[in-house]
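Right, one structure below, let's go through it.
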Amino acid sequence: SVLRPTEAEGDFVAEKLLGNIERHWTRHVAPGSSDEAYVHLEKGERALAALGAESARMSRVSRVILSNIDLEDVAALRRRNFATLAALIGEYGLEPVLGLPVDRVPHFLPIKVENRDEIRSRLREHGIYCPVHWPQHTASSALNDLWASELSLVIDQRYGLEDMERLSTALKRCISRAP
């Protein structure tokens, strides 16, 4: 059973959960287009940012979900998706900001692109949501460059090889349209 988030978790967990359910619904159950999923995901990002340092602990919802998952399978699928997508985007000159260490499990594949927000918006038109992970940093121009140009490509275990090909193709189209 899914537990209600505590007040300390704010709206982050609820909004991200609703956004992901809506995305799954419009992709697999009742295909169509809806911006509602993205509205929830973006509200979740804002709620997480508002939590600041308090967001370091795992939510009760996450603990319940993780207790029912084979983490070794998840790790293998994420590594496979990372390697597959890295090879696909490498064919047109993109490479991950960070490689794939043997002892780590990736959550996303980070790349640097010009016009990150525009490309992110165009990917959304293709039904692809890319979260922003690095915060803006007031003391470092190098970190701000990363903040402004890093695009996180989602490679989690829910996606298959066809999804990685679809993401790569959409990214190539979006980048070639960039001004």
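For this structure, a couple of remarks:
- Summed side-chain charge close to H107 - residues other than H107 whose Cβ falls under 10 Å, Lys, Arg +1, Asp, Glu -1: +1
- More than 14 Å apart - percent of Cα-Cα pairs taken over region 67-110: 49
- Available extension along the chain between R27 and I65 is 11.6 nm, counting 0.36 nm per residue and deducting the alpha carbon span.
- 21 Å Cα-Cα reach of K43 towards lysines, excluding residues that sit fewer than 8 places from it in its own chain: K16
- V74-K112 pseudo-label distance in nm [points 7 Å out on the Cα-to-Cβ vector]: 3.1
- In this structure, the amide hydrogen of L153, modeled 1.01 Å from its nitrogen in the peptide plane, lies closer than 5 angstrom to those of L109, I111, counting only residues at least 5 positions away or on a different chain.
We did not get these values from a lab; they are worked out from the coordinates using the rules stated. Small disclaimer: the values here were computed from a predicted structure and weren't measured. When we count neighbours, we look across all protein chains shown, and the Cβ atoms used for this are built from the backbone with ideal geometry, even at glycine.
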